[in-house]
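Can you read through this structure? Questions will come right after.
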Amino acid sequence: MAKLTLYHASPSRSSIVLWMLEEVGEPYDVRLLSLSKGENRAAGYLATNPMGKVPALKHGDTVITEVAAICTYLADEFPAAGLNVPVGTPRRGLYLKWLFFGPGCIEPAVIDRAAPRKEEARRGMLGYGDFDTTMNVVAKAVEQGPYLMGEQFTAADVVVGSHIRWGTMFKLIPERGEFAAYSARLAARPAAQRAATKDKDYAAQTAA
Ligand SMILES: N[C@@H](CCC(=O)N[C@@H](CS)C(=O)NCC(=O)O)C(=O)O
């Protein structure tokens, strides 16, 4: 089987892929990079991801970058883990919507709020419309639960759930009951807990 290698800086967006890999349950290696030492901008790494960003995932000779693309790829590549909604399934449309909603709507909505523009952009110009609508849409989707796709936990929960968990942790997303309950369900997953423990260790190794 082709080897999986995660290029990771701890803690960062690549921590999302670390969690995903724990959910998938296949063996993988981690190459730790220090962002503060600029290792993500070194020529060797730029050959892997010319954006100079983590995460990147190597699977044999295939390189995948972008958190949501990596999570989608892993879920499809290892269907036995039950983390995807396969092509040909009507529910796949909704599943893909959530995978794209993370980087396409939640993340820019949160970043724009944390670092507001000098001149407010018109709602129609912003792919996410406005912050409150974006958050209300996610809150409604996770209200009933347990997951975005109902009973099935999927890669979309890893992507969207990470944005919600990190956003509320850093007080960039206002606390609300739907998010607290959803985050608690996600945090209780054994794979999420294993990833968190490993990530603490990776952070310590990078700092040393
Ligand atoms: N759109 C990218 C964003 C990745 C990203 O911004 N990663 C940050 C860490 S959280 C990074 O590598 N920052 C280092 C830098 O830009 O120099 C994705 O979803 O993977």
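The values are calculated or read from the model by the stated rules, or taken from the named source; none is laboratory data. What you see is a predicted model; the values in this text were computed from it and never measured. Virtual Cβ from ideal backbone geometry, glycine too; neighbours counted across all protein chains shown. What goes into the accessible areas is simple: the full protein's heavy atoms, side chains included, and nothing from ligands, DNA or RNA. Shrake-Rupley method; radii C 1.70, N 1.55, O 1.52, S 1.80 Å.
So in segment 1-28, with the set limited to residues that are more than 14 Å from ALA155 (Cβ to Cβ) and touching a His at 6+ places or on another chain (Cβ under 7 Å), which one is farthest from the ligand (Cβ to nearest atom)?
The qualifying residue farthest from the ligand (Cβ to nearest atom) is ALA2.
Would you mind finding the one in ARG117, ARG31, ARG92, ARG122 that is in contact (Cβ under 8 Å) with a residue 24 or more places away in the chain and more than 10 Å from the ligand (Cβ to nearest atom)? So that I can check it myself, show each step before the final result.
On the way: ARG117 fails: in contact (Cβ under 8 Å) with a residue 24 or more places away in the chain; ARG92 fails: in contact (Cβ under 8 Å) with a residue 24 or more places away in the chain; ARG122 fails: in contact (Cβ under 8 Å) with a residue 24 or more places away in the chain.
One residue alone meets the criteria, ARG31.
Filter segment 108-167 down to the residues that are acidic (Asp, Glu) and within 24 Å of ALA188 (Cα to Cα) and list them by number. Step through it out loud before you land on a result.
We begin by selecting, within segment 108-167, every residue acidic (Asp, Glu); these are 112, 119-120, 130, 132, 143, 151, 157.
Within segment 108-167, GLU143, GLU151, ASP157 qualify.
Would you mind listing the helices (runs of 4 or more DSSP H) fully within segment 137-208 where at least 2 residues are open to solvent by less than 50 Å² (accessible area, probe 1.4 Å) and under 19 Å from ILE111 (Cα atoms)? It would help to see each step written out before you state the result.
Working: elements: 155-169, 177-187, 190-207.
By residue number, 155-169.
Oh, and also: Any chance you could count how many residues in segment 50-71 are in contact (Cβ under 8 Å) with a residue 24 or more places away in the chain, within 27 Å of VAL87 (Cβ to Cβ) and within 12 Å of the ligand (Cβ to nearest atom)?
So the answer is 8.
Scan LEU99, LEU94, LEU74 and give me the residue that is in contact with a Cys (Cβ under 8 Å, 6 or more places away or on another chain) and surrounded by 11 or more Cβ atoms within 10 Å (Cβ to Cβ).
Values: LEU94 fails: in contact with a Cys (Cβ under 8 Å, 6 or more places away or on another chain); LEU74 fails: in contact with a Cys (Cβ under 8 Å, 6 or more places away or on another chain).
After applying the criteria, what remains is LEU99.
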